[in-house]
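Report on the structure given below.
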Amino acid sequence: MLMASIGHVAVGMALGRYEAGNMSPGRLAAAMTLFSLLALLPDADVVAFRLGIPYSATWGHRGASHSLVFAAGVALLAAGVARALRAPAARWGALTFVAVASHGLLDALTNGGLGAALLWPFSHGRFFAPVRPLPVSPIGAGMLSARGLYVVGVELLAFIPFWTYALWPRGRRQEN
Ligand SMILES: [Zn+2]
């Protein structure tokens, strides 16, 4: 299953740039890939459709895996891994939380499907933002349709600040 949610990749790449902007191109690419995967992680729940779990169920699409509690859990894991590797645990945990939590928040800005279960397990409600400017991605191979291309186009434009921050050439940006 494939989602046309390149906005999540934009956020992940920007976080990778933030984390590894001053490091070697290899480290930068690895950080961008890692944070993009973390930002996409909640959509691993599309496997629910295959398993016959309904969209609206707790473990259905945009359910528990899209919550802030889930993001906090993954962040704790990342902090634990960082600690084992003698890397800065608080920093890894915080950036991981932002990457995973951003997913449900972005999904809440889309104009279709069900909202994200941001407050699971405290609430099973599915939440949308008051303003929903992003078109919802088709699920599965629907991405290869005209509608899928339209969504990709809108997200390319909507996330220009993130692409720019992630990909702006190094020399021209002030380093800290
Ligand atoms: Zn999602």
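Read the figures in this text as sums done on the coordinates, not as results from a lab. Source: prediction; values computed, not measured. No Cβ is skipped: glycine too gets one built from the backbone with ideal geometry, and neighbour counts run over all protein chains shown.
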Taking placed amide H atoms and a strict 5 Å upper bound, the residues 5 or more places from Ile139 or on another chain that come that close are none
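Compute the normalised compactness of region 1-52: alpha-carbon radius of gyration over 2.2 N^0.38 Å, N being the residue count. Intermediate results must be reported in sequence, preceding the final value.
Working: Rg = 13.2 Å, N = 52, 2.2 N^0.38 = 9.9 Å.
With N residues counted in region 1-52, Rg over 2.2 N^0.38 Å equals 1.34.
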Computed about the Cα centre, the charge dipole of the chain from +1 Lys/Arg and -1 Asp/Glu charges at the Cβ has a magnitude in debye, to the nearest 20, of 320 debye
Simple SL model, points at 7 angstrom along Cα→Cβ for Ala44 and His124; separation in nm is 2.4 nm
For the pair Ser145 and Leu157, the simple spin-label estimate (label points 7 Å beyond Cα toward Cβ) gives in nm 2.1 nm
Largest fluctuation, Ala14, Ala158, Ala99 only, Gaussian network model of the chain with Cα springs under 10 angstrom, belongs to Ala158
Using alpha-carbon coordinates alone, the radius of gyration and Dmax of region 6-167 in Å work out to 16.0, 47
Residues Ser65, Ser102 in order from fewest to most other beta-carbon atoms within 10 Å are Ser102, Ser65
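How do Trp120, Trp168, Trp59 line up, fewest other C-beta atoms within 10 Å first? Don't skip to the answer; put the middle values down first.
Values: Trp120 21, Trp168 12, Trp59 15.
Lowest count first: Trp168, Trp59, Trp120.
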